[in-house]
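A short write-up of the structure that comes next.
The values are calculated or read from the model by the stated rules, or taken from the named source; none is laboratory data. Keep in mind it's a predicted model, so treat the numbers as computed, not measured. Because the Cβ atoms are built from the backbone with ideal geometry, glycine has one as well, and the counts that use them run over all protein chains shown.
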C-alpha cells in the first residue's frame with residue numbers, strides 16, 4: 001500500500017497532470033512550467049500534507065514502520081515532524097492557485113527531500129519501507145533540483 005501511494009503521488013499523478021494539461025492546452029504553459037506546477041503540487045503539496053496528517057494523528061506508523069522505533073516517547077517528535085510536513089504541504093498545494101509560490105515551494109520541498117534522502121542513505125539496516133522512502137525522496141529531490149536549475153538558466 002505504501003509503495004502504491006508513493007508511486008501514485010510522486011510519479012503517476014504529476015506525469016498524468018502534466019500530460020493532461022499539455023494536451024488540453026497545447027499553447028498554454030511550457031513543459032518546464034508544467035513540471036514545476038504539478039510536481040510541486042503533488043510531491044511538495046499533497047504528499048507531505050497527507051504524511052503530516054498521518055504523523056499527527058498516527059505517529060506510530062512513521063516511528064515504527066519507517067524508523068523501526070517501537071517506544072512511545074518519540075511519537076511526540078514524529079507529531080512535530082507532522083506539523084512541519086503539513087505546513088510544507090499547504091505551501092505546495094497553495095502554489096497551484098498562486099503561481100509565484102511554485103519556485104519557493106520547490107526550493108523548500110527539494111531541500112527537505114534531499115536532506116531526508118541523504119539521511120536514509122546514511123542509515124544502516126534500512127527496512128523495505130525506508131528504502132522506498134529513500135529512493136522516492138532522492139528522486140523528487142532530483143526532479144525538483146533539475147526544474148529549479150532549468151528555471152534559473154531560462155530566466156537568466
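For the structure I just gave you, tell me whether residue 4 is out of contact with any helix residue (DSSP H, G or I) (no Cβ under 7 Å at 6 or more places or on another chain), at pLDDT 95 or above and within 23 Å of residue 131 (Cα to Cα).
Yes; evaluated as a whole, the condition is true for this residue.
Inside the stretch 15-32, can you point out the residues that are in a helix (DSSP H, G or I) and either over 21 Å from residue 103 (Cβ atoms) or touching a residue at least 60 places away in the same chain (Cβ under 8 Å) (or both)?
Those that are in a helix (DSSP H, G or I) and either over 21 Å from residue 103 (Cβ atoms) or touching a residue at least 60 places away in the same chain (Cβ under 8 Å) (or both): 16, 19, 20, 23, 24, 32.
Given the conditions (1) in a loop (DSSP other than H, G, I, E, B); (2) free of Cβ contacts under 8 Å to residues at least 24 places away in the same chain, which single one is not true for residue 80?
Only one criterion in (1) in a loop (DSSP other than H, G, I, E, B); (2) free of Cβ contacts under 8 Å to residues at least 24 places away in the same chain is unmet by residue 80, namely (1).
Out of all the residues in the stretch 103-118, is one or more surrounded by 15 or more Cβ atoms within 10 Å (Cβ to Cβ) and farther than 15 Å from residue 48 by Cα?
yes
Condition check ((1) touching a helix residue (DSSP H, G or I) at 6+ places or on another chain (Cβ under 9 Å); (2) at pLDDT 95 or above; (3) more than 17 Å from residue 5 (Cβ to Cβ)) across all residues:
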| site | (1), (2), (3) |
| --- | --- |
| 50 | yes, yes, no |
| 60 | yes, no, yes |
| 66 | yes, no, no |
| 73 | no, no, yes |
| 80 | yes, yes, yes |
| 83 | yes, yes, yes |
| 96 | yes, yes, yes |
| 100 | no, yes, yes |
| 103 | yes, yes, yes |
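Would you please name the residue that is modelled with the lowest pLDDT, looking only at residues in the stretch 119-129 that are surrounded by fewer than 17 Cβ atoms within 10 Å (Cβ to Cβ) and part of a helix (DSSP H, G or I)?
128
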